[in-house]
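What follows is a short report on a single structure.
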Amino acid sequence: MRPLDCADLYSDGRHYDLQTKGFVEDIPFYLRQVQKYGQPVLELACGTGRITIPLAQKGIQITGLDVSESMLAQARRKASQKNVAVTWIRADCRDFQQNQKFRLIFIPANSITHLHDLESLETFFSCVRIHLADKGRFVIDVFNPRLDILMRDPTKRYPVAEYSDPDGQGMVTVTESNAYDAAQQINRIKWYYKTGEEERVVENNMRVFFPQELDGLLQYYGFVIEAKYGNYDETPFESGSPKQLVVCSLK
Ligand SMILES: C[S@@+](CC[C@H](N)C(=O)[O-])C[C@H]1O[C@@H](n2cnc3c(N)ncnc32)[C@H](O)[C@@H]1O
């Protein structure tokens with residue numbers, strides 16, 4: 001199982017929150033899944049609690065699991081400010097053990113793209129299977145690969161975000177470049193954080209899951225695909241869909 005290579009990317013949860021500020025469109029989708037499939041809920045790769053905390057605020061019994069201490073520290077801070085109860089667990093989603101089964105387990109926001117090799121996926125799916133209640137559901141949210149993005153000129157940069165530095169260093173401008181490694185099926189992205197004259201480069205290597213491959217992996221690892229949506233409004237998945245939102249049960 002390969003070591004994770006995203007520690008730098010998630011080394012400061014405050015920057016993550018500022019960079020993703022305003023992205024809330026997936027939250028109603030997860031609320032609907034809880035209404036349909038029940039609780040308790042387990043969010044894998046929960047990060048700073050961007051989704052976990054709003055769900056807990058609705059009275060949902062939820063556990064958030066993440067490998068990054070900085071992301072979890074930010075999550076704990078926000079949950080305590082808002083006075084909401086969440087069980088936070090620091091663990092690798094490829095190797096965790098809880099004495100509890102969940103009616104809904106989900107891995108949102110392309111987080112599965114951090115699992116690059118087959119062994120990581122195998123141990124990850126095995127952990128999910130063990131923790132899923134008999135009639136429970138497992139939901140994956142990952143982008144539908146766009147060939148035009150994968151084949152971008154690696155020397156070009158594209159805008160990502162702009163926000164005010166949490167330590168008062170001025171505006172941070174984030175741009176990205178990418179080079180697609182077709183053999184490994186990994187999009188090797190570089191994010192450039194520019195503050196004044198200084199620029200910090202962080203790698204974000206995302207495993208690309210083509211639609212038929214993702215469905216095949218899920219079936220091979222013991223899941224039945226019950227629905228596949230193309231976006232958070234639950235429209236059916238099709239060629240031009242931005243997302244692959246797969247709802248699975250146990251075989
Ligand atoms: C894109 S962020 C998503 C955070 C949050 N779920 C959200 O929607 O804002 C990806 C998260 O995955 C976590 N992560 C990456 N690999 C992981 C692993 N093997 N086990 C647990 N968490 C992991 C990172 O620490 C990071 O917090």
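The values are calculated or read from the model by the stated rules, or taken from the named source; none is laboratory data. These figures come from a predicted structure and were not determined experimentally. Glycine gets a Cβ as well: all are built from the backbone with ideal geometry, and neighbour counts include every protein chain shown. Accessible surface areas use protein heavy atoms only, side chains included; no ligands, DNA or RNA. Shrake-Rupley method; radii C 1.70, N 1.55, O 1.52, S 1.80 Å.
Among 161, 75, 91, which is the only one that is within 16 Å of the ligand (Cβ to nearest atom) and outside the structural domain of residue 18 (by TED's automatic domain parsing)? Show your work before the answer.
Working: 75 fails: outside the structural domain of residue 18 (by TED's automatic domain parsing); 91 fails: outside the structural domain of residue 18 (by TED's automatic domain parsing).
Only one candidate passes the filter, namely 161.
With the structure loaded, tell me whether residue 174 is closer than 21 Å to residue 20 by Cβ, in contact (Cβ under 8 Å) with a residue 40 or more places away in the chain and within 12 Å of the ligand (Cβ to nearest atom) or whether it fails that test. So residue 174 does not fit the description; no. Screening the range 212-233 for residues that are part of a loop (DSSP other than H, G, I, E, B) and touching a Leu at 6+ places or on another chain (Cβ under 8 Å) and picking the one that is nearest to residue 133 (Cα to Cα) gives 222. Given the condition farther than 17 Å from residue 63 by Cβ and either in contact with a Lys or Arg (Cβ under 6 Å, 6 or more places away or on another chain) or open to solvent by less than 20 Å² (accessible area, probe 1.4 Å) (or both), answer yes or no: does some residue in the range 105-114 qualify? Yes, that holds for at least one residue.
Quick one: count up the residues across the range 175-217 that are on the phi > 0 side of the Ramachandran plot and open to solvent by less than 40 Å² (accessible area, probe 1.4 Å). Walk me through it before giving the result.
The initial filter retains those residues of the range 175-217 that are on the phi > 0 side of the Ramachandran plot, namely 185, 196.
Add one more test, that the residue is open to solvent by less than 40 Å² (accessible area, probe 1.4 Å), and what stays is none.
Looking only at that region, the number is 0.
For the range 95-102, check the following and say yes or no: at least one residue is open to solvent by less than 40 Å² (accessible area, probe 1.4 Å) and more than 18 Å from the chain's Cα centre (by Cα). Yes, the range 95-102 contains a residue that is open to solvent by less than 40 Å² (accessible area, probe 1.4 Å) and more than 18 Å from the chain's Cα centre (by Cα). Looking only at the range 39-72, residues that are of a type in the set (Gly, Ala, Ser), over 23 Å from residue 133 (Cα atoms) and within 7 Å of the ligand (Cβ to nearest atom) come to 2 in all. Here is the figure for the range 18-38: residues that are within 12 Å of the ligand (Cβ to nearest atom), without any contact (Cβ under 8 Å) to a residue 60 or more places away in the chain and either touching a strand residue (DSSP E or B) at 6+ places or on another chain (Cβ under 6 Å) or assigned to a helix (DSSP H, G or I) (or both) total 1.
Is there any pair linking a residue in the range 95-118 that is in contact (Cβ under 8 Å) with a residue 60 or more places away in the chain and closer than 14 Å to residue 46 by Cβ to one that is in a helix (DSSP H, G or I) and open to solvent by 30 Å² or more (accessible area, probe 1.4 Å), with Cβ under 6 Å and at least six apart or on different chains, and which? Partner pairs satisfying both residue conditions: 104/37.
To keep it simple, each residue is scored yes or no on (1) within 16 Å of the chain's Cα centre (by Cα); (2) surrounded by fewer than 21 Cβ atoms within 10 Å (Cβ to Cβ).
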position	(1), (2)
4	yes, yes
17	yes, yes
31	no, yes
34	no, yes
42	yes, no
45	yes, no
52	yes, no
59	no, yes
64	yes, no
